[in-house]
Every structure is written in C-alpha cells, then in structure tokens.
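Working notes for the structure below.
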Amino acid sequence: MSATRIPSHAATARRAQRGLSLIGLLVTGVLIAFAALLALKVVPSALEYNAIRSALAKVASAGGNSARDYQVAFDRFAAVDDITSISGKDLIVERRPDGQTVVSFQYEKRIPLFGPVSLVIDYRGSSQ
C-alpha cells in the first residue's frame, strides 16, 4: 500500500503560480489611487497648518501691547508664508492673571475629494 505521490515538478509549478489575480490587482490599484488622491489633497493643508503654527510662535515671542499688535504681526507673516486659511482677526488673544499672553487659533478646513464627498479637518493651536 503505497500512497500516491505528486511528482515534484507539479508541486513546484503550483507554488510558482502564487500572486495577485486580475481582481486583486484592480482592487489594489484602486486603493493606491485613493490613498494618493487623499495625500495630494491633505498635504498642502497640513503644510499650511505648520506655517500657521510657526507664524504664531514668532508673533507670540515678539510680544505686543494689544491684541491688534498680534493680529497685524500675524498678517505680515501670513503674507510672506502665503497663509490663506486664517487671518489676524481670527486669532484669540488672552491675557492670563499671571501676566502671560496666550495667542490661539481654531479653524475648520473642508477638502473636497470627489462628488459630494469632502474631508473636514479641525485645526487648532496656541502659543503655549
């Protein structure tokens, strides 16, 4: 009683046929295209957010006597760094009881992806 053995070349051929099917390739391509679309739309918004945080840090370190001084200084940095999402009037300037001034911001960025689908990101930050 001997067991039926598969010839070694047939077993090797089955192992060599592993890979993506056409459907698997299409699904993978769609997922990669969607991820690339999302990255191309989100990265500029994230870079602008970093520019806003940087400008806010510079404005807060320079100081000022009034909220208007902070707003004007931010508008100058915004013009240089091409910041369009917020302006100086959107900054919230608070004086704390210990004499420290905190400058903060908050805004919502809506990024249209396709058709009626949009991505909404809430950005916020402060000088502290």
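Extension gain for the segment A62 to D90, taken as residue separation times 0.36 nm less the Cα-Cα distance, is 8.2 nm to one decimal.
Exposed loop sites, defined as trypsin sites (Lys or Arg not before Pro) outside DSSP H, G, I, E and B with at most 14 other Cβ atoms within 10 Å, are absent from the longest region of the chain, namely 19-128. Applying 1/(1 + (r/R0)^6) with R0 = 22 Å to the Cβ-Cβ distance of V42 and V80 gives a FRET efficiency near 0.40. Determine the sum of side-chain charges near I121: Lys and Arg each +1, Asp and Glu each -1, restricted to other residues whose C-beta is under 12 angstrom from that of I121. Net local charge, I121 excluded: +1. When the square roots of the Cα gyration tensor eigenvalues are ordered a ≥ b ≥ c, the ratio a/c for the chain is 1.5 or more and a/b exceeds b/c, which makes its shape prolate. Working note: 222 nm ellipticity from helices only, DSSP H runs with n ≥ 4, each -39,500 (n - 2.57), summed and divided by the residues of the chain, gives -17500 deg cm²/dmol to the nearest 500.
Since every read-out is calculated from the coordinates, none of them should be taken as a lab result. Bear in mind the structure is a predicted one, so any value in this text is a computation, not a measurement. Glycine also receives a Cβ, built like all others from the backbone with ideal geometry; neighbour counts cover every protein chain displayed.
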